[in-house]
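The values are calculated or read from the model by the stated rules, or taken from the named source; none is laboratory data. Only a predicted model underlies this, so the values are computations on that prediction, with no experimental measurement involved. For neighbour counting, all protein chains shown are included, and Cβ atoms are generated from backbone atoms with ideal geometry for every residue, glycine included. Surface accessibility is based on the protein's heavy atoms, side chains included, excluding ligands, DNA and RNA. Shrake-Rupley method; radii C 1.70, N 1.55, O 1.52, S 1.80 Å.
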Amino acid sequence: MTVATAGEFGLISRVTARLGAASPLVLLGPGDDAALVAAPDGRVLASTDVLVDGRHFRRDWSSARDIGHRAAAANLADIAAMGARPTALLVALCTPANLEITWAEELADGLAAEAGKVGAVVVGGDMSASPTLTIAVTALGHLEGRDPLVRTGARPGDVVAICGRIGYAAAGYTILSRGFRSPKLLVEAHRRPQVPYAAGPSGALLGATSMIDVSDGLLADLGHIATASGVGIDLRRSAFVVPEQMRDAATALGVDPYGWILAGGDDHALAATFPSSVELPDDWRVIGEVLPPSLFTAGDGVTVDGRRYTGGAPGWDHFR
């Protein structure tokens with residue numbers, strides 16, 4: 001059965017039936033013109049992201065459930081990077097009429113499962129016919145009384161630290177693009193990122209001065225913090241551990257694994273700056289430092305071992 005056979009409201013009924021349990025913060029879920037979500041401290045964080053078939057995902061590489069996980073993760077990570085906890089997702093699906101309805105149902109399963117990891121719920125959205133399969137997700141979150149972690153807070157003398165995997169998803173993308181399906185560790189990292197959601201709020205409580213979700217590449221995303229804060233950032237190449245499977249894959253493919261680590265995205269690790277006096281737990285790894293503008297002369301926002309990165313583009317650009 002296709003989505004055209006089921007019809008718009010038949011598809012909506014099938015999808016909403018799979019969206020998971022309720023949350024105490026969701027006062028009214030799907031079924032009306034709008035959902036009602038509680039804002040415990042009177043403020044709501046909101047972030048949105050769009051995934052386009054053939055641009056952000058490929059159906060011959062990933063299952064519908066995988067894509068649901070990825071679509072939710074990309075938005076939930078943005079909320080976590082503000083030091084907040086996600087509460088709800090809104091999802092718009094634009095699809096060709098001949099799409100199998102089971103694909104849409106499995107997409108909903110993936111969205112609900114990823115949201116469930118942080119206690120969030122899919123509370124509504126929209127559907128439309130389109131020649132290009134497109135998934136647009138909006139995430140909502142709350143700060144539990146804290147100030148948001150913004151990109152303007154980094155200060156000279158801060159350390160730069162990262163929580164989560166880095167380079168795995170980019171390696172998986174390269175492997176898939178070359179026509180291979182292993183090693184599984186890296187391919188699965190591209191299909192379903194493992195996001196350290198709890199590190200967002202916990203990083204805020206530790207005293208982070210800025211934070212960002214690494215979605216487009218570590219150098220590019222830290223560059224946003226450097227620009228917004230008016231500082232330089234220098235990373236230490238030796239701070240990054242190249243796992244054996246990544247190193248072996250890089251050798252087999254003839255690429256530099258540090259290109260994946262420094263410029264690859266989609267792992268959705270969280271990168272943050274902290275005062276040097278903060279004692280960070282083991283899940284945060286210090287990878288560099290924040291420099292005063294007067295000491296930063298390389299011409300880019302972020303350097304590696306004091307030098308401009310020359311390994312290619314520093315990250316993903318949708319229009320390049």
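Residue check: is D126 open to solvent by 30 Å² or more (accessible area, probe 1.4 Å) and either at pLDDT 95 or above or within 30 Å of D66 (Cβ to Cβ) (or both)?
On the way: open to solvent by 30 Å² or more (accessible area, probe 1.4 Å): yes; either at pLDDT 95 or above or within 30 Å of D66 (Cβ to Cβ) (or both): yes.
Judged against the criteria, D126 is a match.
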Here are some conditions: (1) within 17 Å of P201 (Cβ to Cβ); (2) surrounded by fewer than 16 Cβ atoms within 10 Å (Cβ to Cβ). A81 meets all but one. Which one does it not meet? (2)
Per the list (1) without any contact (Cβ under 8 Å) to a residue 40 or more places away in the chain; (2) under 27 Å from the mean Cα position of the chain (by Cα); (3) loosely packed, with under 12 Cβ neighbours inside 10 Å, residue check on G7 breaks on (2)
Evaluation of G172 against (1) surrounded by 18 or more Cβ atoms within 10 Å (Cβ to Cβ); (2) touching a residue at least 40 places away in the same chain (Cβ under 8 Å); (3) within 20 Å of the chain's Cα centre (by Cα) (one fails), failing number: (2)
Here the qualifying pairs (Cβ atoms under 6 Å; residues six or more apart or on different chains; first in segment 256-279 and closer than 12 Å to A161 by Cβ; second among the hydroxyl-bearing types (S, T, Y) and open to solvent by less than 10 Å² (accessible area, probe 1.4 Å)) come out as T273/S210
Scan segment 171-192 for residues that are part of a helix (DSSP H, G or I), under 26 Å from D109 (Cβ atoms) and of a type outside the set (S, T, Y) and jot them down. G172, I175, L176, K184, L185, L186, V187, E188, A189, H190, R191
Please state which one of T95, T48 is under 13 Å from G125 (Cβ atoms), touching a strand residue (DSSP E or B) at 6+ places or on another chain (Cβ under 6 Å) and among the β-branched types (V, I, T). T48
Complete set of residues in segment 221-249 that are open to solvent by 20 Å² or more (accessible area, probe 1.4 Å), part of a helix (DSSP H, G or I), in contact (Cβ under 8 Å) with a residue 40 or more places away in the chain and not polar (S, T, N, Q): H224, A228, R237, D248
In segment 42-62, the residues that are open to solvent by less than 50 Å² (accessible area, probe 1.4 Å) and either assigned to a loop (DSSP other than H, G, I, E, B) or free of Cβ contacts under 8 Å to residues at least 60 places away in the same chain (or both): H56, F57, W61, S62
Checking A263, A199 in turn, the sole residue that is over 17 Å from T174 (Cβ atoms) and aliphatic (A, V, I, L, M) turns out to be A199
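Among the residues of segment 129-142, which ones are open to solvent by 10 Å² or more (accessible area, probe 1.4 Å) and not in a strand (DSSP E or B)?
Residues of segment 129-142 that are open to solvent by 10 Å² or more (accessible area, probe 1.4 Å), as a first pass: 129-132, 134, 136, 138, 140, 142.
Those that are open to solvent by 10 Å² or more (accessible area, probe 1.4 Å) and not in a strand (DSSP E or B): S130, P131, T132.
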Which numbered condition E114 fails, given (1) free of Cβ contacts under 8 Å to residues at least 40 places away in the same chain; (2) among the charged types (D, E, K, R); (3) open to solvent by less than 10 Å² (accessible area, probe 1.4 Å): (1)
Restricting attention to segment 184-202, report how many residues are within 22 Å of G141 (Cα to Cα) and either surrounded by fewer than 24 Cβ atoms within 10 Å (Cβ to Cβ) or without any contact (Cβ under 8 Å) to a residue 40 or more places away in the chain (or both). 6
Give R181, R155 a once-over and let me know the one that is surrounded by fewer than 18 Cβ atoms within 10 Å (Cβ to Cβ) and either touching a Leu at 6+ places or on another chain (Cβ under 7 Å) or modelled with pLDDT under 95 (or both). R181
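From the set of residues in segment 250-290 that are in a strand (DSSP E or B) and open to solvent by 30 Å² or more (accessible area, probe 1.4 Å), which is nearest to V187 (Cα to Cα)?
Residues of segment 250-290 in a strand (DSSP E or B): 269-274, 285-290.
Of the ones still in play, those that are also open to solvent by 30 Å² or more (accessible area, probe 1.4 Å) are 285-286, 289.
On the way: R285: 24, V286: 26, E289: 31 Å.
Filtering first and then ranking leaves R285.
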Condition met for A17 (more than 30 Å from S177 (Cβ to Cβ) and at pLDDT 90 or above): no
